1. Please work out whether the stretch 87-169 counts as rounded, prolate or oblate from its C-alpha gyration tensor, where a ≥ b ≥ c are the square roots of the eigenvalues and a/c under 1.5 means rounded, while otherwise a/b larger than b/c means prolate and anything else oblate?
2. Based on the Cβ-Cβ distance of GLN75 and ILE112, what FRET efficiency does E = 1/(1 + (r/R0)^6) give at R0 = 45 Å, to the nearest 0.05?
3. Of the DSSP beta bridges with both residues in the chain, give the percent that are antiparallel, rounding to the nearest 5.
4. For the stretch 1-85, rounded, prolate or oblate, judged on the Cα gyration tensor with a ≥ b ≥ c (square roots of eigenvalues), a/c < 1.5 rounded, else prolate if a/b > b/c?
5. What's the local net charge at ARG61, with K and R +1, D and E -1, over the other residues with C-beta under 9 Å away?
6. Whole-Hz Karplus ³J(HN,Hα) for the stretch 136-150, in order, using 6.51 cos²θ - 1.76 cosθ + 1.60 and θ = phi - 60°, x for Gly and Pro?
7. Cut-off 10 angstrom, C-alpha nodes, Gaussian network model of the chain. Which of ARG61, ARG148, ARG86 fluctuates the most?
8. Taking H as built 1.01 Å from N, whose amide H comes closer than 5 Å to the amide H of GLN249, not counting residues under 5 places away?
Amino acid sequence: MKLLSFNMQYGFGADGVYDLGRAAQVIAAADIACLQEVDRHWSRSGFDDQPALLETLLPERYCVFGPGFDMDASQLVAGRVVNRRRQFGPMIVSRWPILWSRLHLLPLMAMIDPINTQTAALEACIMLPSGPLRVVSVHLAHVGVDERLAQIAALKAALVPVGPWSGQDDEHARNWTEGQSEPPCPAQMIWAGDFNCEPGSAEHSAITGAVPYHPGARYRGALVDAVAAKGVRLHSHEKVIGGHVRHRQLDHIFVDAAFVPRLGPVWADTLCPASDHFPLWAELDL
């Protein structure tokens, strides 16, 4: 299985050109893609409905979009309200059926400067040929450490191993279950996305379970950085700051410790021009 973590910067490449098709070509090479910064109805991207366009460009993929940011973009046309929302958030694209999904809005701190927008994590259970897999597409705040730590704590508390419903349906006339059995929700997870933090940071340690006085500690159910597990070094983001090119690893794939023995190559495509973030890839034998 090829897993992709890709902040697609609403279709704008490192060259500043808007080209959603270029991003779709990257996504098409993945079995499961965790995307961030997907737009719907923004002027910067031609008012495109990017989730719908990606579904059209990827006709053999299952898709789910979770708008964390949602504003009114409706218009009054000939006396009739045309409802439209200006949205922004994570998306998951899969070769296999997405059994269920849910959106987790992450804590947001009030700011004076700079701008701080609502971010979110999109959780999904995907039915692989080998069984269900829980995947989370994560986008943490870009502003500060304290906010990201609060977001990580909230996400950990929210990601309980219970699906969208549990128990026996005792209201058969309302048919809550549509004849389905209780949906699976594996305790083991994969988190992938733009975490806006680098290895060794407090946020990174909060996710992996490491603490300063036990840097090599391992915990049951802990998440492991796929890059670190393979012993490689890479960068997923390149930005010119003060005339100097700065390389950072802000995008990560964290896998349950039980998946580490099944982890294959992990790499970033640093030649890909489709975004200011490089696609981060991992192969897993799942």
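Values in this text are rule-based calculations from the coordinates and carry no lab data. Note that the structure is a prediction, hence the values are computed from the model and not measured. We place every Cβ from the backbone using ideal geometry, glycine too, and count neighbours over all the protein chains shown.
1. Cα axes put the stretch 87-169 in the prolate bin.
2. Step by step, r from the Cβ atoms, then E = 0.90.
3. Of all bridge pairs located within the chain, approximately 85 percent are antiparallel.
4. Judged from the Cα gyration tensor, the stretch 1-85 comes out prolate (a/c at least 1.5, a/b above b/c).
5. Around ARG61, the surrounding residues sum to -1.
6. Whole-Hz 3J(HN,Hα) from phi for the stretch 136-150: 10, 8, 10, 9, 8, 4, 8, 7, x, 4, 4, 5, 5, 4, 5.
7. Maximum fluctuation in the GNM of the chain, among the listed residues, is at ARG86.
8. SER236
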